[in-house]
Amino acid sequence: MTMKAKTIFRCQECGFSSGKWLGKCPDCGTWNTFSEEKQIEKSDKARRTLTDFTGDASPLDEISSENFSRTATEISEFDRILGGGVVAGSLVLLGGPPGIGKSTIMLQVSKALASNGKSLLYISGEESMGQIKNRADRLNIKSKNLYLLSETNLENIIEAINKIKPGYVVLDSIQTTYRSDIAGAPGTVSQVRECSAELLKLAKSRGVSVFILGHVTKEGDLAGPRVLEHIVDTVLYFESEKQQVYRILRVNKNRFGPTSEIGVFEMKSDGLKEVKNPSSLFLSEQMSGIAGSAISPTIEGTRPILVEIQSLVTKANFGVPRRQANGIDYNRMVLLIAVLERRLGFHLEFQDVYVNVVGGIKIKETAVDLATAAAVAGAYSNFVIPEKLIIIGEVGLSGEIRAVGQIDERLKESENLGFKKAVIPKNNTKALNYKGKMEILPVISLQEAVGILKGK
Ligand code: TYD
Ligand code: MG
């Protein structure tokens, strides 16, 4: 067996390795992320794997297509995120900042999974068995099929899995787990990657569903995020704005279902509770008579959610005016401001402009463009958008209003929540199926829309 010890430097962000220390990672471009690792290079034969995985090739015709068996949990928001329940043999990564509720939700999910006949092993390297039991009591969880293990060594963890033969495994967290035959402290890229790869083999070869919990850094990245995201089947992120009681579970990647779904939860004294109608959360207490606020139905995944977009426009004191966007894309906001300046003659070049989406939700689609522009226009010209009115539309560079997708769903949800009028793109009226009671106000340009909103 050939064996040589060698020192390498590895980017802790993306896993890029180099023979010498580098200040900036040439692969992912981050600074100061290289740390030294002693690496023992073994020949391929000597490379140890802890689990077995057959490597025989088969003709395509002889392979029966997999029928993913899914298990529903009692938490329907969680099931929806996964595309309809937990897939047997899947590897799911749940990331989020400390204290957001990763352990809490996984314990709640564990309870549901362990009541389906198969057993579940919850491994914690973060807390003692007693601490987990405390949390379980608080969540009112009792189960004969739920096993707890306080362990950080992966060899021991695999051994426990071999003994208990659970149908589901929860590893809390990947950053505390290590393999003794891999160099580097727990939480380094090589440990995170090797441990996850081992768990992937375990999941695939035995049909065990594995959940890996991971912390994200202040910048919002998981340690070695790219490394892990490649390996796992599904990536979930738990997020919230500071000081907010509710938590948003988001899908970033899913081999077994749609991405861009979100689930909304509220942290209560007895665990996380689903919020079934999130629209109500994201609307502020509708102070009527305030300029600079607009409401728009946005589609998150498969579901319309009403959001309130607020804007504040104040005279700039220093040379370059400030622009700040919370919840919408900064560049998109800058573009909308440019359109307002150029096409409607607004003098925003001397104004600070702030845009905020109420409730801390992050909107990625352009269908809220018109509502955003309307909020800024209202804040600048000091007009109040009529009550019970929603605004839908993408804004083009010449100020034209472009059609958006899923218009019927957006309108239906708005009507359900008591809205009476809707400003929508003219182009959307051609194929409109909506037969509800709301008054539809079609517009072709931003100018026309602002005119309607001002009550002209
Ligand atoms: P936790 O699941 O430990 O977060 P993570 O694993 O992501 O670090 O939950 C953290 C917070 O949630 C903690 O501050 C206490 C609070 N909490 C409740 O408010 N209610 C509960 O029922 C539980 C279990 C926790
Ligand atoms: Mg935890």
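A compact table of results
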read-out	value
Packing-based ranking, highest mean first, of 129-135, 416-422, 228-234 given that Cβ atoms within 10 Å are counted	228-234, 416-422, 129-135
Candidate lysines - alpha carbon under 17 Å from LYS20, same-chain residues fewer than 8 apart omitted	LYS6, LYS38
Cα→Cβ-extended label distance, 7 Å offset, between LEU139 and LYS430, nm	5.1 nm
Semi-axis lengths (Å, descending) of the ellipsoid that matches the C-alpha gyration tensor of the stretch 137-205	24, 15, 10
Surface share of carbon and sulfur [accessible, 1.4 angstrom probe, percent] for the chain	50 percent
Accessible area per residue, Å², the chain with all protein chains present, probe 1.4 Å	48 Å²
Theoretical gain in end-to-end length, ASN326 to GLU62 [0.36 nm per residue, Cα-Cα removed]	89.8 nm
Bins of 20 Å from zero: percent of alpha-carbon pairs in the chain	22, 44, 29, 5, 0
Antiparallel DSSP beta bridges within the chain, percent to nearest 5	55 percent
Rounded to 5, the percent of DSSP beta bridges in the stretch 104-177 classed as antiparallel	0 percent
Gain on full stretching of the segment that runs from HIS347 to ALA316 - 0.36 nm per residue minus C-alpha separation	10.0 nm
Mean Cβ neighbour count within 10 Å, used as a protection proxy, ranking 389-402, 136-149, 71-84 highest first	389-402, 71-84, 136-149
Kirkwood Rh and Cα Rg combined as Rg over Rh, evaluated for the stretch 99-172	0.94
Cα convex hull volume per residue for the stretch 303-448 (Å³)	102 Å³
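The values are calculated or read from the model by the stated rules, or taken from the named source; none is laboratory data. Fair warning: this is a prediction, and the values are worked out from it, not measured in the lab. Cβ coordinates were reconstructed from backbone atoms using ideal geometry, including for glycine residues, and neighbour counts include every protein chain displayed. Surface accessibility is based on the protein's heavy atoms, side chains included, excluding ligands, DNA and RNA. Shrake-Rupley method; radii C 1.70, N 1.55, O 1.52, S 1.80 Å.
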